[in-house]
Amino acid sequence: DTQTPDFASQFRDGAEILRIAKNQDTSFFDNFFDFWKLGIGHILGGADHVLFVLSLLLVFVSWREILKLTATFTVAHSITLILGGQGIVTLSPRVVEPFIAFSIAYVAFTSVFMAGKKFVGESRGKLAMVFFFGLFHGLGFAGLLAEIQVPADTFISSLFAFNIGIEFGQIFIVLCALPLIYFCKEKSWYGHAVKGAAILVIALGLFWGLQRIFE
């Protein structure tokens, strides 16, 4: 649907996958590099995935905590990307896409307004939440590949390269945002800025979720 926030990037990525998959003359390494770039472009071009990662960083606790959260998200979406890409696990986009949008709102709300609260704001509860939502994000990533018939002889390597590209894109987001957050976190205005940003992200997540349900 042209009304979804990442429609343009999905259309562009889908057309690019089709071009790559139909090009039988590319070498193994060229094909791998193409899908690697595609993975990077897909996560950076998807506003919902970018906001989900940024929501995890809004309240800086420690470098260790950030590493645990991003690693948990990586493991979770990698699992369902691989399973979904191979058709082992499937779920309708009409369920996956709204859920991804609502996950953004939930993470932003709990990270900023429920920090330290039992379960949802505690480290273990937050990791469990990130893992659970990461599974749906992985299915969202897999949805882009599901409609394309990638040649069997390059399917595994293409899927692997696409996933690596997604991880590179995620690392890029973290490396861009985290230094700014780290150096601003002691400023007197930072708490108000974070709450304002969280409210905006929550509103966008809820809007996109409802939009995807009723579109």
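Quick note: the coordinates plus some simple rules give every number you see, no bench work behind them. Keep in mind that this is a model prediction, so the values were computed, not measured. A quick note on method: Cβ atoms are made from the backbone with ideal geometry, for glycine too, and the neighbour counts reach across all protein chains shown.
With a point put 7 Å past each Cα toward its Cβ, work out how far Ala197 is from Ile156 in nm, to one decimal.
Here the modelled spin labels are 4.1 nm apart.
Fully extended, how many nm does the chain gain between Ala115 and Phe132 (0.36 nm per residue separation, minus their Cα-Cα distance)? Walk me through the numbers before you get to the answer.
Values: separation 17, 0.36 × 17 = 6.12 nm, distance 1.85 nm.
Full extension of this stretch gives 4.3 nm more.
Net charge around Ser55, counting only other residues with Cβ within less than 15 Å of its Cβ (Lys, Arg = +1; Asp, Glu = -1)? Let's see the in-between values first.
Numbers: positive: Lys126, Lys195; negative: Asp48, Glu65.
Net charge in that neighbourhood comes out at 0.
Using only the alpha-carbon atoms of the range 24-116 as identical scatterers, what base-10 log of I(q)/I(0) does the Debye formula give at q = 0.11, 0.12, 0.14, 0.26 Å⁻¹?
Scattering profile of the range 24-116, log10 relative to I(0): -0.43, -0.51, -0.67, -1.41.
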